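None of the figures in this text is laboratory data; all of them are computed from the coordinates on show. Fair warning: this is a prediction, and the values are worked out from it, not measured in the lab. Cβ sites come from the backbone with ideal geometry, for glycine too, and all protein chains shown count toward neighbours.
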Amino acid sequence: MKYYLDLINDLENGKIAPVYLFHGEEAFLQEKAVQRFREKLLTSPAGEFNFDVLDGEEVTEGDIVMRAQAPPFMARWRLVVVRHAPFFASNSGGSGQKRASVSARDSEAPLLAYVRQPALTTCLIFTTTRPVDRRSRLFKALKERGRVVEFTFLQTRDLVRWLEKQARLARKSITPAVAGLLVRRVGPSLFVLNQEMAKLISYTGSRETILEEDINRLTVPVLEENIFQVVDAIGERRIGAALEGIRELMRQGQAGPAILAMVARQFRLMLQVLELTPAKQSPGEIAAKLGVPPFAVRKLLVQAGNFTREQVVTLLQQLLELDRAVKRGRVEFYPGIEMLLLEMVWKPAHRH
């Protein structure tokens with residue numbers, strides 16, 4: 001969230017670059033940033049006369065330069081926004097991206113020349129969710145003369161705060177734990193979370209509190225939530241439920257090695273929690289060290305109560321061995337994980 005707040009803070013303080021590249025997966029905040037620039041720069045009376053929105057897939061670099069070089073009408077600034085800008089992409093994309101890359105090579109001079117010497121009365125913003133080539137001359141020139149902002153997905157704790165704020169704006173409340181459940185079930189995209197919150201606000205009607213049961217009823221769980229459920233079932237020795245969760249992941253198209261990696265990650269976090277707990281640290285302190293939100297630490301603490309440290313270490317070693325065997329073709333994934341879990345039940349380690 002800091003990258004976005006820093007950008008908006010600079011905008012409000014009048015620190016405005018002549019050219020920007022907004023790139024990254026978090027498209028919702030890209031759109032919010034463009035809206036804030038529009039509100040700040042397009043003042044009355046000319047307003048919208050000084051605003052152009054272009055589709056980067058449809059225009060040439062010459063078109064962009066022509067719009068950017070036009071002087072503002074009765075105002076300090078012009079704002080030109082180029083959405084879906086293909087000019088910074090690597091050459092590894094699909095046919096549309098390749099076509100754009102060829103176009104960029106054929107007419108690179110106009111845009112590159114402009115970025116190196118941009119008009120000081122125009123704010124030119126490129127937006128893209130594609131990977132960018134940081135080694136390209138255009139990227140380097142823009143970074144030198146303007147500003148590059150990578151819009152990454154927010155961390156879970158920031159998403160939880162954002163959801164709490166959206167609930168307050170709708171005169172409702174949502175606890176951090178329930179907001180965290182929503183993030184785990186639908187993922188970190190603010191576009192998706194915004195849509196799901198709108199559904200929850202409508203569904204709850206006059207009721208002020210958004211509950212866990214509302215989220216379970218209205219949303220479909222994504223990968224991370226299924227992993228939590230699998231690990232919960234393993235910890236509680238509910239092997240049938242754990243295997244059903246693994247089969248569900250397979251039905252969703254997850255490969256065996258990917259499932260093993262995700263389960264192993266959860267147990268690695270659990271091991272770190274077990275090692276930090278004797279130091280009497282709070283969930284907040286543990287969360288800061290692990291880089292996960294406090295409610296996730298509380299979940300890990302509950303899961304860790306089902307295992308000794310030795311059990312977690314042994315299970316991690318077994319998962320590693322199974323991963324190697326699957327990748328080398330010696331064992332099929334599902335029979336292998338089934339046998340591993342059954343052996344864990346048959347030969348449980350003594351708890352201390």
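A few remarks follow.
- Projected area averaged over orientations for region 223-346, convex hull of C-alpha atoms, nm²: 7.3 nm²
- Legend: distances between Cα atoms for Lys15/Lys172; Lys140/Lys289; Lys2/Lys299; Lys140/Lys327; Lys15/Lys289; Lys140/Lys199; pairs beyond 31 Å are Lys15/Lys172; Lys140/Lys289; Lys140/Lys327; Lys15/Lys289; Lys140/Lys199.
- With contacts taken as Cα pairs under 8 Å at a separation of at least 6 residues, the chain carries a relative contact order of 15 percent.
- Restricting region 305-338 to trypsin sites (Lys or Arg not before Pro) that sit in a DSSP loop and have at most 15 other Cβ atoms within 10 Å of their own Cβ leaves Arg328, Arg330.
- Calculated [222 nm] ellipticity per residue, helices only, for the chain: -19000 deg cm²/dmol; basis is -39500 (n - 2.57) per DSSP H run with n ≥ 4, divided by all residues, nearest 500.
- Rg over Rh [alpha-carbon atoms, Kirkwood Rh] for the chain: 1.07
- Among Ser189, Ser202, the order by Cβ neighbours within 10 angstrom, fewest to most, reads Ser202, Ser189.
- D by Stokes-Einstein for region 156-218, Kirkwood Rh over Cα pairs, 4 °C, 1.567 mPa s: 116 µm²/s.
- Degrees between helix 239-251 axis and first principal axis of the chain (Cα, 0 to 90, nearest 10): 30 degrees
- Each peptide in 175-185, 240-250 gets a packing score, the mean of other Cβ atoms within 10 Å over its residues, and the list from highest to lowest is 175-185, 240-250.
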